[in-house]
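Computed from the coordinates by the stated procedures, all read-outs in this text should not be read as laboratory data. If you're wondering where the values come from, they're calculated on a predicted model, not measured in any experiment. Note that we place each Cβ from the backbone using ideal geometry, even for glycine, and neighbour counts take in every protein chain shown.
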Amino acid sequence: MALVLIVDDSPTELHVMQKALQRHGYQTAAAADGAEGVRLAREMNPDLIFMDVVMPGMNGYQATRTLVNDPKTRAIPIIMVTSKGQETDKIWGLRQGAVDYMVKPVSPDQLVAKAQAALAH
């Protein structure tokens, strides 16, 4: 069973994303900010990370860059899930090392489809 780490400062978003993934058989873990996300990724070595961008403290771009530059976590695919929908935001997110970029609101079906695609590689 794949473990998916969700990093988002919105309890509502976390809940909705966790429920959608759990219904499809994924184990989930949650972090409320970038720094906690980095710490949990290093501890748990998840199979996939969904990363918000706008969070207090370390933002999603910084957290993604940190994980991609760490030999222990660089192989974990990271998908940005954010309200930042400008093309420049997307390009910047992918430049930080994210494998994909989704703009909120994201439907549960979209989320699960992205997880399945990322984990199929």
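Structure notes:
- Taking other C-beta atoms within 10 Å as the exposure proxy, 103, 38, 81 rank 103, 38, 81 from fewest upward.
- Segment 3-119: relative contact order as a whole-number percent, Cα under 8 Å and 6+ apart: 25
- Low-density loop positions, trypsin sites (Lys or Arg not before Pro), segment 21-97 - DSSP coil, at most 16 other Cβ in 10 Å: 72, 74
- Only helical runs count toward this figure. For the chain, summing -39,500 (n - 2.57) over DSSP H runs of n ≥ 4 and dividing by all residues gives -13500 deg cm²/dmol at 222 nm.
- Amide N of segment 1-33 lying under 18 Å from the label point, which is placed 7 angstrom from the Cα of residue 107 along Cα→Cβ: 16-24
- The share of alpha-carbon pairs in the chain lying farther apart than 22 Å comes to 22%.
- Simple Cβ-charge dipole of the chain, Lys/Arg +1 and Asp/Glu -1, about Cα centre, in debye nearest 20: 220
- Remark on segment 64-108: ratio of C-alpha radius of gyration to 2.2 N^0.38 Å is 1.19.
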